[in-house]
Amino acid sequence: MLEQLFGFPAEDLFRPAPVVLRPAAVPVGPERIRTAQSIETRWATSRLSLTTAAGRGWDTWEFDGRRVFDGTSLAVHLQTADSLGSSARLSVTEPEQLTEFLRPVRRGLVLGTQAANDDHRVFVLDALTARNQLRVGLSADSSLVVPAAYLLDDLTYGIIWAIANTDDALLADDQLIHAEHDALNTYLALPRTAPSRSSIPGLTAVGAAWIGSYFCYRHITRHLADASSLPVFWTREQYGESCVGWLLWVHKHQYLREIEDRFATQPGHEVTRAFCLPEAAVKDSEPYELLLLFLSIALMEMHHVHVHVSDESEMTAVDGFVLVPGQRAVIANWLRTEGIWQAATNGSHAAMRDYAEAAGHAAHHSVAPGATAPERLQALASYLGLDWVWLTRRCRALGEQGIAGMIRPRSRLIALDELESTLRFVGALAT
């Protein structure tokens with residue numbers, strides 16, 4: 001009966017349990033359980049799985065995607081944290097376990113947990129940062145110092161969620177992306193392209209988004225080379241998850257700098273970009289997603305791009321485009337398309353008129369109006385339901401501290417400098 005029930009021979013069932021099933025020498029403590037519960041309760045895309053295997057010093061933090069991300073996980077090690085005013089000190093009570101956790105080259109985070117009365121706080125430190133702090137060796141009285149800016153809240157969770165998902169997916173697709181580089185050059189020579197997702201089998205959802213975005217960047221800049229008038233931009237991003245590329249991807253940063261250097265630095269020239277963010281999309285977004293969306297728009301304003309925001313749901317069907325008045329409309333979609341991208345150009349007067357009317361309508365009915373970037377961003381924060389005082393304060397603290405000490409990307413396709421500059425830019429808007 002036991003063999004039928006458990007699927008193992010009776011002699012195996014009555015032997016000592018194998019190592020992988022051996023219970024932990026020290027039961028999971030209430031602090032670790034409380035940390036896992038608080039993380040899972042606050043962020044539905046997150047789950048902290050506590051290990052019970054003997055001799056292991058880490059748990060697993062899992063991240064689910066909502067619309068674009070494939071989902072990923074990373075190793076974490078929990079330590080008790082004591083407040084030091086502007087930072088938190090993590091006492092290393094079990095140096096052997098921490099040494100074992102920090103030794104592997106896989107990505108990991110150290111979580112410092114701090115409980116005071118009814119307040120339960122978690123601080124985050126990248127494993128490489130912890131390793132650098134403790135390079136002289138561990139002892140029973142060793143400790144790690146975590147900046148107060150690395151407190152886990154909606155802002156830091158959103159950034160960790162975004163970096164972990166995009167970085168792991170792009171690393172998984174690195175060889176595929178590299179192999180497709182020459183094929184992208186071939187597509188650029190064609191007047192209209194819309195390759196199916198099956199044309200590059202094996203890509204993650206994030207990898208497909210990156211390739212689509214990268215091709216659209218190349219397609220747009222190619223057709224802006226002879227622009228004789230100020231272009232007008234329209235983007236299809238509606239959610240923080242799809243906006244992450246602006247904050248993290250190197251080619252997006254290069255794109256913004258090229259537009260700024262060529263068009264936005266001339267006196268009297270104002271580059272505009274329109275977003276369509278219906279109320280339904282805002283209500284369907286978690287706070288950390290809204291923060292990523294806000295930061296993406298703030299990044300553009302930092303690069304002297306005047307952003308208009310439409311809330312009309314019917315405008316979501318508008319293509320992503322760049323209109324060069326009197327010359328052409330450059331269509332470039334990589335979001336909400338059947339293929340990896342959809343790219344074309346259209347020089348008909350009717351098409352250019354339609355795109356100009358859409359951009360003009362968004363400009364005249366923007367839900368984030370204002371004569372200056374701070375006015376527009378404050379109006380945007382209000383529309384998204386974000387606390388302006390808290391937002392600017394947290395952005396300033398995190399921007400001054402930097403992101404890499406909390407979590408650092410590994411992919412060559414990701415950079416943190418523009419995100420950190422945006423955090424400082426928003427932080428400087430505090431009133």
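Of note:
- Pick from region 366-394, criterion in a loop (DSSP other than H, G, I, E, B) and touching a residue at least 12 places away in the same chain (Cβ under 8 Å), ranking: surrounded by the most Cβ atoms within 10 Å (Cβ to Cβ): ALA368
- Flag if GLU357 is in contact (Cβ under 8 Å) with a residue 24 or more places away in the chain, charged (D, E, K, R) and loosely packed, with under 13 Cβ neighbours inside 10 Å: no
- Output for region 190-230, where each listed residue is among the aromatic types (Phe, Trp, Tyr) and touching a Leu at 6+ places or on another chain (Cβ under 9 Å): TRP210, TYR214, PHE215
- Residues satisfying the stated conditions in region 218-237, i.e. among the polar types (S, T, N, Q) and at pLDDT below 95: SER228, SER229
- Residue ID - nearest to SER411 (Cα to Cα), chosen from residues in region 167-184 that are of a type outside the set (A, V, I, L, M, F, W, C) and in a helix (DSSP H, G or I): ASP167
- Qualifying residue in region 395-408 (condition: free of Cβ contacts under 8 Å to residues at least 24 places away in the same chain and of a type in the set (D, E, K, R)): no
- Among the residues of region 116-130, the one identified as surrounded by 17 or more Cβ atoms within 10 Å (Cβ to Cβ) and modelled with pLDDT under 90 is ARG121.
- Residue check, HIS178 surrounded by fewer than 17 Cβ atoms within 10 Å (Cβ to Cβ) and either at pLDDT 95 or above or out of contact with any Leu (no Cβ under 6 Å at 6 or more places or on another chain) (or both): yes
- Taken over region 1-40, the criterion of being assigned to a loop (DSSP other than H, G, I, E, B) and at pLDDT 85 or above is satisfied by MET1, PRO9, PHE14.
- Test for THR166: is it β-branched (Val, Ile, Thr), within 20 Å of ALA343 (Cα to Cα) and modelled with pLDDT of 95 or more: no
- Selection status of VAL250, surrounded by 14 or more Cβ atoms within 10 Å (Cβ to Cβ) and closer than 24 Å to HIS365 by Cβ: no
- A count restricted to region 253-272 and to residues that are at pLDDT 90 or above and of a type outside the set (S, T, N, Q) stands at 11.
- The residue that is surrounded by the fewest Cβ atoms within 10 Å (Cβ to Cβ), counting only those in region 264-279 that are touching an Asp or Glu at 6+ places or on another chain (Cβ under 8 Å) and in a strand (DSSP E or B), is VAL271.
- Of all the criteria given as (1) in a helix (DSSP H, G or I); (2) over 28 Å from ALA363 (Cβ atoms), the one not satisfied by PRO201 is (1).
- Qualifying residue in region 189-207 (condition: among the small types (Gly, Ala, Ser), closer than 24 Å to SER421 by Cβ and at pLDDT 95 or above): no
- Residues satisfying the stated conditions in region 318-370, i.e. at pLDDT below 95 and of a type in the set (Ser, Thr, Tyr): THR337
The values are calculated or read from the model by the stated rules, or taken from the named source; none is laboratory data. Predicted, not measured: the structure shown is a model, and the values here were computed from it. Note that each Cβ is placed from the backbone with ideal geometry, even for glycine, and that neighbours are counted across all protein chains shown.
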